[in-house]
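Any read-out appearing in this document is the output of simple, stated calculations on the displayed coordinates, not a laboratory observation. Keep in mind that what you see is a predicted model, and the values were worked out from it rather than measured. Note that each Cβ is placed from the backbone with ideal geometry, even for glycine, and that neighbours are counted across all protein chains shown.
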Amino acid sequence: MDILKIENVTKSFANHVALDDVSLTIPEGSIYGLLGPNGAGKTTLLRIINRITTPNSGRVLFCGKEISAEDIYNIGYMPEERGLYKKMKVGEQAVFFARLKGMSRKDATAKLKEWFGKFGIEDWWNREIGELSKGMAQKVQFITTVLHEPKLLIFDEPFSGFDPINANMLKSEILALRDKGTTIIFSTHNMSSVEEVCDHITLIDKSRNILSGNVDEIRHKHGANIFEISYRGNEEALNGALAGICEIMESKSSLAGYNTMKIHIATDAQVRNVIDKANSSVEIRSFSEVIPSMNDIFIRAVNGNL
Amino acid sequence: MKSKIGIIIGREFNERVRKKSFIITTLLTPLLMLGLLVAPMLLSTYSGDEQKKIAVVDDSNIIGAHLQSTDEINFIETELPIEIARKEHLEEFAILHIGKDIMSNPSDIRLYTNSTASITMEMNIATQVKMVIENIKLQQQDIENLPAIIASIQTEVNMQSFANDTSEDSGDKANSSIVATVIAYLLSFILYMFILLYGSMVMQSVIEEKNSRVLEVMVSSVRPMEMMMGKILGVASVALLQIAIWLVIILGAGYFIIPELIPDEVAMAVAMLQQGASPETLNTDTDMSLLQAIATLTDVGYLAKIVVSLVVFMTGGFLLYAALFAAVGSAVDTPQDAQQLQTPITIPIILSLFVMLSVINDPGSDLAFWFSMIPLTSPIVMMARIPYDIPTWEILVSLGILVATFIATAWAAGKIYRTGILMHGSKPSFKELWKWLRFK
């Protein structure tokens, strides 16, 4: 079942179009990455999902129905720049935000104590946010976002500003929430986190959805028929054997005699032929397809080379 | 969606009321005001001890003997000629030289001061000399029984003023215009301060929330209009609490202290005056205007009317201006950027203060009437008129206009706010604000 469906959403501001006919579907229980260069329209899309702004045209469907004010109780949103009152005490502040999301004061306090315990930050309860470091404040913000156990969590650049240890902790919390059935959308520039965490992605560039789908499928689909051969033997011999049937992109040899060569094979039909030729000239240790990283795909897509 | 406005009001109220600065200003301001009242009295009592010595060189040989030393001035006659006296009497505060021809030429008198003389002191000396000369001239007319005649001529007028209200059965109530003036001044000034202070507090706090992106987190769960109204009402309740505490302190102190200060005989006279007794029947030698002032100040009905009007007009005026301040705050990123946009808001506030000064002299004038109807100036100007018993319908009409304007303003401000809180970067122009206002 799809928890969120965005249909032909267009949003324009006075001077520019922020989203141009964007459609995407987010399956329930998945982690969905929203990628794109700065200014592509990611934050605008997240704001539309949160009903902060309304689109000029198009629809947003939440659990199959047009999204309504009531649905915000089922959504948690953490904006890119952290929004907390600097002069307010951590505990009171968290209770305040929880109550705005419809929780009672009592429930909120009990749940918060639980989360604070989990993160080992119980003694922050009576401190002001202004006294905490940026990373510490982000932990608090994360807790206030997930506290009311929404079905859908939306994080705008969740990893920015976290040190590697806390970023890892955040990652594992996100995965744990997914395992409990929560659907998570996050926007990011951090491509390695996309590969590690995301099930699906959408790439937005210049206000348009230019690429959508399952991460593994996308990577395989956009594999560019590049292969890597590692072998023992004479580099010249391999060069000679492969000449004419494929393009040699890169060749490395080591003193220990373990050499690698990257090649581009024009058509799938040629793959067996290439292996045959190579096998007869050198001793092959491995032959594998090079699957592009999301980073490569991102850059190629944005440059229009996909 | 259930309204969250209560939660927001609660937060605004709690955060502000618990601040040390709030507690301190709330408790210290009445003390400070009391100090401002008492200090001049104390100062004058103490400075009275310092009597200034003035050496008098009297070439006319007429005036000098009649000059009377007072608490402030001690006249010492000297036989020295003026040139020497000016060199010798450097210890004294000043040397007064009365010329030979003073009787025919009133300008023939000079004061040489060794330090700066105050205007009151110069006036004091001049008046004394003038009276002495006049008396001597009168005596030279050779009128019989002169002192008796003068005594019988001297009169003091005690005029009482009443509100001309024939419908009331209780008789004419004396009201003191001195008290009304003081109260009018005080109240309209308090109103001015509160609107400006608490209004810009709303603006500051919107800017802060916008910068810290708190608004962005909140806007997903609360409607912008509720956020804005919650903030305004939260701050308004803080302002009302402060006023309430002040009133309790002032009225409480008045309730316990005033009866202690007033002699029984005066209190009786005041009570009779309040019940509508005409002044002639009162057997008292206390100054009539003082009696009236006390009567007005201790009139519960009058005070209640003032307090209720203060609360109502302060709330109305604050809500109106706070909505405007909130709209400005939502449109900018820094308080510096707000300067230009808030000018059109502060102008009517300051204008009301100027109008108020003229209204106090003539609360019934056309100027006073119209400015107490125009919604942006009405809270402060009306507050300056209410102590002078103006018709109730005027107060109600003014209040009605104020409430209607507030509703319209809040609606418009809400539209600007809704767009403004998500806009970062450049400072918008008035033209852009107008565009935001018309967004669907």
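Let me check I've understood the local charge: for A:F119, count other residues with C-beta under 15 angstrom from its C-beta, Lys and Arg +1, Asp and Glu -1. What total comes out?
With Lys, Arg at +1 and Asp, Glu at -1, the neighbours total +1.
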**Q.** Ranked packing of A:234-243, A:182-191, B:114-123, B:265-274, most packed first, by mean Cβ within 10 Å
**A.** A:182-191, B:265-274, A:234-243, B:114-123
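Can you sort A:D163, B:D101, B:D299 by how many other beta carbons sit within 10 Å, fewest first?
Placing the least packed residue first, the sequence is A:D163, B:D101, B:D299.
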Q: Report the residue, chosen from B:I73, B:I178, B:I386, that carries the largest GNM mean-square fluctuation when chain B is represented by alpha-carbon nodes joined by springs under 10 Å.
A: B:I73
Q | Likely footprinting exposure, A:R51, A:R285, fewest C-beta neighbours within 10 Å first | A | A:R285, A:R51
Q) Which FRET efficiency value, to the nearest 0.05, is calculated for B:M131 and B:L34 with the Förster distance at 51 angstrom and r the Cβ-Cβ distance? A) 0.85
Q. Taking the alpha-carbon centroid of each part, what is the distance from region B:401-426 to region A:243-290 in angstrom?
A. 69 Å
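Kindly identify region B:50-138 as rounded, prolate or oblate by the Cα gyration tensor criterion: order the square roots of the eigenvalues as a ≥ b ≥ c, call it rounded if a/c is under 1.5, otherwise compare a/b with b/c, prolate if a/b is larger, else oblate.
Values: a/c = 1.77, a/b = 1.24, b/c = 1.42.
Here region B:50-138 falls in the oblate category.
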Q.
Give me the percent relative contact order of region B:50-138, please, defined on Cα pairs under 8 angstrom at least 6 residues apart.
A. 30 percent
Q. How far is it, in nm, from the label point at A:I291 to the one at B:L186 when both lie 7 Å from their Cα along the line to the Cβ?
A. 8.2 nm
Q) Put +1 on the Cβ of every Lys and Arg and -1 on every Asp and Glu Cβ in chain B; which of B:H66, B:M131, B:Y302 then has its Cα farthest towards the positive end of the dipole? A) B:Y302
Q. Taking only C-alpha pairs under 8 Å that are 6+ residues apart, what is the relative contact order of chain A in percent?
A. 20 percent
**Q.** Dipole magnitude of region B:213-361, debye to nearest 20 (Cβ charges: Lys/Arg +1, Asp/Glu -1, about Cα centre)
**A.** 800 debye
Q: Could you grab the relative contact order for region A:1-66? Cα pairs under 8 Å, six or more apart, rounded to a whole percent.
A: 45 percent
**Q.** Residue among B:L376, B:P363, B:Y388 farthest towards the positive dipole end of region B:250-393, charges placed on Cβ
**A.** B:L376
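Determine, for A:T25, A:T267, the number of other Cβ atoms within 10 Å of each Cβ, and report the residues in order from fewest to most.
So the residues, fewest neighbours to most, are A:T267, A:T25.
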Q. Using a simple spin-label model with points 7 Å from Cα along the Cα→Cβ vector, what separation in nm is obtained for A:H189 and A:I165?
A. 2.6 nm
Q: Between beta-carbons, use under 11 Å as the cut-off and find the net charge around B:A327, counting Lys and Arg +1, Asp and Glu -1.
A: +2
Q) Can you give me the Cα centroid spacing of region A:208-239 and region B:77-128 in angstrom? A) 112 Å
Q) Under a point-charge model restricted to the Cβ atoms of Lys and Arg (+1) and Asp and Glu (-1), what is the dipole moment magnitude of chain B relative to its Cα centre, in debye to the nearest 20? A) 4060 debye
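When the helices in chain B are scored as -39500 (n - 2.57) per DSSP H run of 4 or longer and the sum is shared across all residues, what 222 nm value do you end up with, to the nearest 500 deg cm²/dmol? Don't skip to the answer; put the middle values down first.
Details: 16 runs with 289 residues, N = 440.
Per the formula, -22500 deg cm²/dmol.
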Q | 0 to 90° range, to nearest 10: angle between helix B:335-361 axis and chain B longest Cα axis | A | 40 degrees
Q: Would you calculate, for chain A, the mean residue ellipticity at 222 nm contributed by helices, counting each DSSP H stretch of 4 or more residues as -39,500 (n - 2.57) and dividing by all residues, to the nearest 500?
A: -10500 deg cm²/dmol
Q: Considering only B:F354, B:F313, B:F369, give the residue with the highest GNM mean-square fluctuation for chain B, with springs between Cα atoms whenever their separation is below 10 Å.
A: B:F354
Q.
What whole-number distance in Å separates the alpha-carbon centres of region B:305-378 and region A:171-202?
A. 53 Å
Q.
Could you tell me the calculated FRET efficiency between B:A151 and B:I350, based on Cβ-Cβ distance and R0 = 56 angstrom, to the nearest 0.05?
A. 0.60
**Q.** Net dipole in debye of the protein assembly as shown [+1 Lys, Arg Cβ; -1 Asp, Glu Cβ; about Cα centre; nearest 20]
**A.** 4340 debye
Q. If Lys and Arg each add +1 and Asp and Glu each add -1, what is the summed charge of the other residues whose beta carbon sits under 13 Å from the beta carbon of A:I265?
A. -2
Q) Between B:L353, B:L96, B:L290, which gets the highest mean-square fluctuation from a Gaussian network model of chain B, Cα cutoff 10 Å? A) B:L96
Q: Describe numerically, in nm with one decimal, the distance between label points set 7 Å from Cα along Cα→Cβ at A:Y258 and at A:E149.
A: 5.0 nm
Q. Using 1/(1 + (r/R0)^6) with R0 = 56 angstrom and r between the beta carbons of B:D333 and A:V271, what's the FRET efficiency to the nearest 0.05?
A. 0.45
